[in-house]
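First comes the structure, then the notes that go with it.
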Amino acid sequence: MKLKDRTAVVTGAASGIGRATAETLAAEGAYVFLGDIDEERGGPPPPS
């Protein structure tokens, strides 16, 4: 867990590169704050 107890802010996190980035940061142990204007797809990622 390289990023344990670190915080990241990811914009555009509902899809594409933003979502992949958010998922990777979370998998590495970071607290991730997500932002996007797409309310329909802006929910939490599915469990791994």
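The length gained by stretching the chain between K2 and E28 to full extension, at 0.36 nm per residue less their Cα-Cα distance, is 8.8 nm. Each of E40 and I17 was given a label point 7 Å from its Cα along the Cα-to-Cβ line. The distance between the two points is 2.4 nm. With a cut-off of 9 Å between beta carbons, the residues surrounding G12 carry a summed charge of -1, where Lys and Arg count +1 and Asp and Glu -1.
Considering only the other residues whose Cβ falls under 13 Å of the Cβ of Y31, what net charge follows from Lys and Arg at +1 and Asp and Glu at -1? Residues near Y31 contribute 0 overall.
Just so you know, all these numbers are worked out from the coordinates, no wet-lab data involved. For clarity, every value in this text was computed on a predicted model and none was experimentally measured. Neighbour counts run over all protein chains shown; Cβ positions are idealised from the backbone, glycine included.
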